[in-house]
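Here's the structure, in structure tokens; my notes come after.
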Amino acid sequence: MKLKDAYFFTLREDAKDEDSVSGNLLVKAGFIKKVSGGVYMMLPFGYRVQAKVEEIIRRRMNETGAIEVKMPALIAADYYEKSGRLKNFGPDLFKLKDRTGKDMVLGPTHEELFAVAAKSVISSYKDMPFNIYQIQSKYRDEPRARYGLIRVKEFVMKDAYSFDRDEAGLDVSYKKMFDAYKKIFDDIGLDYRIVKADTGMMGGLLSEEFQAVSEIGEDVLVHCDCGYSSNLEIATRHKGEPSTEERKAIEEIPTPNVRTIEELCAFLNKDPRDFVKTMIYMVSGRPCAVVVRGNREVCETKLKKFLRSDDIALADAEVVEKVTGARVGFAGPVGLRIPVILDEEVTEMRNFIVGANKDDTHLINVNPEDFKPAAVIDLKEVQEGDRCPICGQPLKFAKGIEVGNTFKLGTKYSKALDLTYLDQNNQTQDVWMGSYGIGLGRCIAAVVEQNHDKKGILWPEAIAPYKVIIVLINGKDETQATVAEQIYNKLTENGVEVLLDDRDVRAGVKFADSELIGIPYRITVGRGAKDNLVEVNKRNSDVKEEMSVEEAIAYLSK
């Protein structure tokens, strides 16, 4: 590609409305352009990068025996109604009606339609296993579109679905996809971690996420050197030993206008670990108390999973006063007449401090035996430095961008959509499904987050839009122009993806643009051309090497 007569532009200034390095650099380098919040054009260079990512994904998927298909983006809402996800997606779904009044949605993900497609094939146990996939746009009305391509309303996704006769078969299919994913992200050039995660609205038996390590990641990755890894939302810690401290008698103490843990610590000269805090939640319209150690936060994902409800929120002040008899800040588990869900860590404590369910009052020397919880479960968020549940060493935290996920769906969608088969005994059985997704835009953004410097992007060779850029210093110099053309033609003949910057602009602009767009190798054709010499350097190195034209062509053709 020659830039002089091509669709190509870069910006001299940072993008004004981008809040991430990748979003700014991709816009500034002319790879993408924002159309509206969370919606982007994929411009020529960006589209080439996306095509490279697609090529890697397609190759690795095809190696597993998966077969590519293409589903519609416009889908009758009935399918999501049957699976129960019309309600679960809520306002994230783009909904519309066709001219007959039929409810339609823009596909956020395609489990339902792939199950319908599978029904055309599956009647007997002999018809499985198989895996079908697509690379297609998805639509979700993100309430907080941000970070460029990382959180958007329209995005390209690879989603694959496996179909098996039983759980053992699903395990085999899942491992094929899992191994293929590791190859895909290795090929792309990402630094990533694999973590266990909550299954969320997808449901099923297991969810694992492929997280690209990044400071702007919205997920917290909990990991240990022993190999333990998990998303914060389901991470656990090594259980401690129960305290051997002698139990004391409960006492009521006045704490005027002291409501928060921080205020209590200062008032009583205690550490947050000496307290137990009680929060009143509304669960499907009914109040319950959630009790954790004073230095902990409730993990609502764990709470929702235990209660099997997404309708969970902290109660308002009126409800708190009604169920505890006190203002907000003085709730405690002793004497409450609503269900109490207790974090297991509290059972390890002795003589702790709680609210007394009485204004301006707390109780000291409370013990787990002083109240009767409805359930004792792990419902806290782990903290960095907690002991690993496997080896006992301190847990470490990192931030990540979720670029891929794998799910063992089990029979959830098969049951909802009547996807069955006849087994060897002529008995009807539900099909076992797996679901596997990769966000292409997120992969691109994550690569840029991990590979850039103050000058611009540093693309890994596997997904760079072009491998080589030729910078022609003076296009009016006949010798330089001839040499640049010669190198361009020869590299093209040798199968090298090459750019020729033959624009009529200053050399400084060309150099700045070549660094901004991140092409891995640069050949500079300048005054040395008269002696058959050019300068070659890598984008990620300051070392510049002078070579003959023939040496440069041979070197870069490798």
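The values are calculated or read from the model by the stated rules, or taken from the named source; none is laboratory data. Nothing here was measured: the structure is a model prediction, and the numbers come from that model. Virtual Cβ from ideal backbone geometry, glycine too; neighbours counted across all protein chains shown. SASA here: full protein model, heavy atoms, side chains in, ligands and nucleic acids out. Shrake-Rupley method; radii C 1.70, N 1.55, O 1.52, S 1.80 Å.
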Hits in region 227-283 (condition: more than 18 Å from residue 328 (Cβ to Cβ), assigned to a loop (DSSP other than H, G, I, E, B) and of a type in the set (A, V, I, L, M)): 232, 234, 235, 249, 250
Restricting to region 278-293, give me the number of residues that are touching a residue at least 40 places away in the same chain (Cβ under 8 Å) and in contact with a Leu (Cβ under 9 Å, 6 or more places away or on another chain). 8
Whether any residue in region 7-21 is modelled with pLDDT of 95 or more and under 22 Å from the mean Cα position of the chain (by Cα) is what I want to check. yes
Single residue of region 73-119 satisfying the filter (under 23 Å from the mean Cα position of the chain (by Cα) and charged (D, E, K, R)) that is nearest to residue 136 (Cα to Cα): 111
For residue 343, only one of the following conditions fails: (1) of a type in the set (D, E, K, R); (2) open to solvent by 20 Å² or more (accessible area, probe 1.4 Å); (3) modelled with pLDDT of 95 or more. What is its number? (2)
Out of the strands (runs of 3 or more DSSP E) lying entirely within region 382-460, which hold 3 or more residues that are among the small types (Gly, Ala, Ser)? 396-410, 432-439
Residues of region 496-515 satisfying the condition of being closer than 26 Å to residue 444 by Cβ, open to solvent by 10 Å² or more (accessible area, probe 1.4 Å) and in contact (Cβ under 8 Å) with a residue 24 or more places away in the chain: 496, 497, 503, 511, 512, 515
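Just one of 447, 534, 471 is modelled with pLDDT of 95 or more, more than 22 Å from residue 29 (Cα to Cα) and touching a helix residue (DSSP H, G or I) at 6+ places or on another chain (Cβ under 7 Å); which is it?
Only one candidate passes the filter, namely 534.
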Within region 367-379, identify whether any single residue is outside any helix (DSSP H, G or I), modelled with pLDDT under 95, surrounded by 21 or more Cβ atoms within 10 Å (Cβ to Cβ) and not β-branched (Val, Ile, Thr), and answer yes or no. yes
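Considering only region 73-108, state which residues are of a type in the set (S, T, N, Q), in contact with a helix residue (DSSP H, G or I) (Cβ under 7 Å, 6 or more places away or on another chain) and open to solvent by 30 Å² or more (accessible area, probe 1.4 Å).
Step one: filter region 73-108 for residues of a type in the set (S, T, N, Q), giving 83, 88, 100.
Checking the rest, the ones that are also in contact with a helix residue (DSSP H, G or I) (Cβ under 7 Å, 6 or more places away or on another chain) come to 83, 88.
88, the sole residue that qualifies.
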Hits in region 418-467 - residues which are of a type in the set (A, V, I, L, M), crowded, with 19+ Cβ neighbours inside 10 Å and either under 26 Å from residue 67 (Cα atoms) or in contact with a Lys or Arg (Cβ under 7 Å, 6 or more places away or on another chain) (or both): 419, 431, 433, 438, 440, 444, 458, 463
If we ask which residues in region 286-329 are part of a helix (DSSP H, G or I), loosely packed, with under 14 Cβ neighbours inside 10 Å and touching a strand residue (DSSP E or B) at 6+ places or on another chain (Cβ under 9 Å), their number turns out to be 2
By residue number, the members of region 237-263 that are open to solvent by 60 Å² or more (accessible area, probe 1.4 Å) and among the hydrophobic types (A, V, I, L, M, F, W, C) are 249, 250
Going through region 474-489 in order, the residues found to be crowded, with 18+ Cβ neighbours inside 10 Å and either part of a loop (DSSP other than H, G, I, E, B) or under 41 Å from the mean Cα position of the chain (by Cα) (or both) are 488
The number of residues in region 1-50 that are crowded, with 19+ Cβ neighbours inside 10 Å and of a type in the set (D, E, K, R) is 2
Across region 51-72, what is the total count of residues that are open to solvent by 70 Å² or more (accessible area, probe 1.4 Å) and under 30 Å from residue 95 (Cβ atoms)? 2
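Please go through region 142-175 and give me each residue that is among the aliphatic types (A, V, I, L, M) and assigned to a strand (DSSP E or B), ordered by number.
We begin by selecting, within region 142-175, every residue among the aliphatic types (A, V, I, L, M); these are 145, 149-150, 152, 156-157, 160, 168, 170, 172.
Listed by number, the residues that qualify are 156, 157, 160.
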Return the pairs, sorted by first residue and then second, in which the second residue is of a type in the set (Asp, Glu) and part of a loop (DSSP other than H, G, I, E, B), the first residue lies in region 213-232 and is open to solvent by 30 Å² or more (accessible area, probe 1.4 Å) and at pLDDT 90 or above, the beta carbons are less than 7 Å apart, and the residues are 6+ apart or on different chains. 213/191
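Sort through 355, 400 and tell me the only one that's of a type outside the set (Val, Ile, Thr), buried (at least 18 other Cβ atoms within 10 Å of the Cβ), closer than 30 Å to residue 251 by Cβ and touching a Phe, Trp or Tyr at 6+ places or on another chain (Cβ under 8 Å). So that I can check it myself, show each step before the final result.
On the way: 400 fails: closer than 30 Å to residue 251 by Cβ.
Within the list 355, 400, the selection yields 355.
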